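The values are calculated or read from the model by the stated rules, or taken from the named source; none is laboratory data. Quick caveat: nothing in here was measured; it's all calculated off a predicted structure. Neighbour counts run over all protein chains shown; Cβ positions are idealised from the backbone, glycine included.
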Amino acid sequence: MGGAFTRIYSTISLGANSGCRHTARPLFDAPNDKGQIMGKLTYDSNLTADFDDRVLAHIQLVIGAKLRRGESFYFSWRDDPLTGGGRSTVWVHPGISLAFKYFGGKVPTLNRDWIEALSLSANSATGLQVVAEPAERL
């Protein structure tokens, strides 16, 4: 992709309840407690949040669709307890740079129902939040 969306390799961990590890600057790539390597969302070049590649791919689609329409919104996630826990929220705006870095070389299979659920969340007053993935329709 080009522009604000960059695809390269990355790291770390999705915590319980759709939380994620979040650090000011990544120091190295490391597996989470399940042995998975995670993708990374970088916001405005100075804040990073780590998500499973599959979660990150769905979030990227939702964020990209809203930014193409010129819509700004909040994006919130739970922080990994290893970095102090809590919750982080950023204001996503077309003028703020975002980079999506993936560990894996393959694009994850996408779930249209999950994209819809994330889109509904993004369009709410509280903004985009990572919601549980619904079962795919057959």
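If you check P31, P26 for being touching a Lys or Arg at 6+ places or on another chain (Cβ under 8 Å), at negative phi, modelled with pLDDT under 95 and surrounded by fewer than 18 Cβ atoms within 10 Å (Cβ to Cβ), only one passes: P26.
Looking at this structure, is F103 closer than 19 Å to G39 by Cβ, assigned to a loop (DSSP other than H, G, I, E, B), touching a strand residue (DSSP E or B) at 6+ places or on another chain (Cβ under 8 Å) and in contact (Cβ under 8 Å) with a residue 24 or more places away in the chain? Break it down into steps so the answer makes sense when it comes.
Numbers: closer than 19 Å to G39 by Cβ: yes; assigned to a loop (DSSP other than H, G, I, E, B): yes; touching a strand residue (DSSP E or B) at 6+ places or on another chain (Cβ under 8 Å): yes; in contact (Cβ under 8 Å) with a residue 24 or more places away in the chain: yes.
Yes.
Could you pull out the residue among W91, W77 that is more than 25 Å from R137 (Cβ to Cβ) and touching a Cys at 6+ places or on another chain (Cβ under 6 Å)? Exactly one residue qualifies, and that residue is W77.
Could you please find all residues in segment 90-133 being under 18 Å from R69 (Cα atoms) and either in contact with a Pro (Cβ under 8 Å, 6 or more places away or on another chain) or of a type in the set (V, I, T) (or both)? Step through it out loud before you land on a result.
Residues of segment 90-133 under 18 Å from R69 (Cα atoms): 91-98, 115-116, 118-125, 127-128.
Those that are under 18 Å from R69 (Cα atoms) and either in contact with a Pro (Cβ under 8 Å, 6 or more places away or on another chain) or of a type in the set (V, I, T) (or both): V92, I96, I115.
Answer with yes or no whether E133 is among the acidic types (D, E) and in contact with a Lys or Arg (Cβ under 9 Å, 6 or more places away or on another chain). Before the answer, list the steps.
Working: among the acidic types (D, E): yes; in contact with a Lys or Arg (Cβ under 9 Å, 6 or more places away or on another chain): yes.
So E133 fits the description; yes.
Just give me the residues in segment 65-86 being in a helix (DSSP H, G or I) and out of contact with any strand residue (DSSP E or B) (no Cβ under 9 Å at 6 or more places or on another chain), in sequence order. Across segment 65-86, the qualifying residues are A65, R68, L82.
Which is more than 22 Å from S45 (Cβ to Cβ), of a type outside the set (S, T, Y), buried (at least 18 other Cβ atoms within 10 Å of the Cβ) and touching a residue at least 24 places away in the same chain (Cβ under 8 Å), of L110, L118?
Numbers: L110 fails: buried (at least 18 other Cβ atoms within 10 Å of the Cβ).
Only one candidate passes the filter, namely L118.
Among the residues in segment 68-84, are any touching a Phe, Trp or Tyr at 6+ places or on another chain (Cβ under 7 Å), closer than 19 Å to A122 by Cα and aromatic (F, W, Y)? Within segment 68-84, one or more residues are touching a Phe, Trp or Tyr at 6+ places or on another chain (Cβ under 7 Å), closer than 19 Å to A122 by Cα and aromatic (F, W, Y). Give the residue that is modelled with the lowest pLDDT, with candidates limited to residues of segment 35-53 that are surrounded by fewer than 18 Cβ atoms within 10 Å (Cβ to Cβ) and out of contact with any strand residue (DSSP E or B) (no Cβ under 9 Å at 6 or more places or on another chain). If we take residues in segment 35-53 being surrounded by fewer than 18 Cβ atoms within 10 Å (Cβ to Cβ) and out of contact with any strand residue (DSSP E or B) (no Cβ under 9 Å at 6 or more places or on another chain), then G35 is modelled with the lowest pLDDT.
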